[in-house]
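Since the structure comes first, as structure tokens, the remarks are kept for the end.
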Amino acid sequence: MFWEAVTAEEPGRAPQKRRFTMHLGQRSSRYNAAVLFLAGINGVLMLSAIIFSEFNPDFEIWLGAALIASLILHARAGFALSEAQREIDMLSRETSKLPTELSNANAKNAQAPQVDLAVVKGLSNEDAAVLEKVKTAIEKDRFDLYLQPIVSLPQRKIRYFESFSRLRNEDGTILRPAAYLDAAERANRIGAIDNLILLRAVQALRNLGPQSERYRIFLNISPATIFDEDFFGRFTDYLDANADLAPRIVFEFTYPAVEMMCGAVEKNLDAIANRGYAFSVDHVRRFDLNWKKLKERNFRFIKCSSALLLSEHNGNEEARMRLKAFRERLQENDIDLIVEKVEFESHVPEIVTLGIDFGQGELFGAPRPSSFYLNADVELAEAS
């Protein structure tokens with residue numbers, strides 16, 4: 001029973017308190033009996049009034065009104081309790097879908113919400129074959145978390161990491177995201193990939209221990225993951241179970257995804273932001289986004305390619321003024337700019353003159369297995 005489940009999790013409660021463990025169906029029956037008893041009393045009084053008051057119409061009307069009021073209260077109580085029971089039943093059904101670990105809000109290592117990876121009907125043979133490879137790799141635990149450093153400029157000290165997924169085929173070769181993400185999107189299975197990345201990122205931060213406070217990990221996520229209402233509930237349960245890592249995780253969306261976000265996605269973004277998680281948008285191709293609105297939704301980082309920024313900086317006067325205004329808008333809204341795809345040493349001095357604080361690219365470090373960066377950092381910290 002619903003209320004029994006609640007009280008059973010509270011050890012030490014006195015046995016007499018068990019009288020509150022009845023479910024709503026039992027409560028409804030007792031309410032029904034009480035109200036009907038009251039209606040019966042009113043009926044007896046009305047009959048007595050008819051006999052002893054010589055059919056006084058005023059008294060008869062008063063008692064009739066009391067009986068009607070009792071019946072109305074009875075009906076309202078019945079409807080309200082029925083609705084409450086329906087909501088409780090629905091909640092119980094939804095809760096039963098969650099992994100057992102998520103029932104404890106303090107479970108720090110709760111399993112990430114799972115998504116059915118079965119190949120859906122109607123896919124092309126090519127997509128079905130790709131998703132079968134993905135499904136097999138995940139089931140066989142051939143899934144690796146790769147990290148790429150984001151460094152402060154000009155010091156080049158690692159401040160953040162961006163995460164990437166790498167799936168391995170049976171022969172050990174890497175199945176890169178470009179080979180399967182589009183197929184996963186078309187089959188509405190991208191949520192499984194997003195959540196495996198989230199799970200591995202959380203594990204990596206847990207393994208760092210106190211060192212995790214020094215870093216944030218940027219996790220790429222698809223709007224489809226946020227849009228799915230049924231899946232989203234389990235996703236936020238997992239975030240709640242790891243709430244202490246909220247300052248360490250940034251969810252990243254592509255620029256096209258941010259531009260196309262609908263009301264339902266924005267509502268769910270607010271729910272994530274209210275839990276303390278920040279957002280980033282990458283592959284920005286223009287400077288006139290509504291930065292104030294993005295700040296209100298807890299977007300704290302944006303990424304622009306070095307080619308775009310340097311092109312504007314070396315362009316005509318109009319381009320340079322556009323870039324300057326862009327930097328001012330970001331500063332006004334407390335949004336950090338990360339220059340990405342930095343590949344050449346010769347570009348660094350010019351990037352630094354733009355006052356950009358963070359850089360990412362092959363020059364500062366290629367994507368590598370998470371242990372390459374994190375374990376090395378732990379060993380260095382312990383040695384010092």
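Placing +1 on each Lys and Arg Cβ and -1 on each Asp and Glu Cβ, with no other charges, gives the stretch 222-330 a dipole about its Cα centre of roughly 540 debye.
Treating each Cα of the stretch 125-383 as an identical point scatterer and ignoring solvent, apply the Debye formula and state log10 I(q)/I(0) at q = 0.09, 0.13, 0.16, 0.18 Å⁻¹. Scattering profile of the stretch 125-383, log10 relative to I(0): -0.42, -0.90, -1.33, -1.55.
Taking all Cα pairs closer than 8 Å and separated by 6 or more residues, the relative contact order of the stretch 202-289 comes to 34 percent. One way to sum up the overall shape of the stretch 226-300 is the equivalent ellipsoid from its Cα gyration tensor, whose semi-axes run 22, 14, 10 Å, largest first.
Annotation: the residues 230, 171, 194, sorted from fewest to most other C-beta atoms within 10 Å of their own C-beta, follow the order 171, 230, 194. Plugging the Kirkwood radius over Cα pairs into Stokes-Einstein for the stretch 248-354, at a temperature of 4 °C and a viscosity of 1.567 mPa s, what D comes out in µm²/s? Taking Rh from Cα pairs, D becomes 88 µm²/s. Summarising the strand pairing of the stretch 125-383, around 40 percent of its internal DSSP beta bridges are antiparallel.
We did not get these values from a lab; they are worked out from the coordinates using the rules stated. Predicted model, so just to flag it, every value in this text is computed and none were measured. Ideal geometry is used to build each Cβ from the backbone, glycine not excepted, and the neighbour counts take in all protein chains shown.
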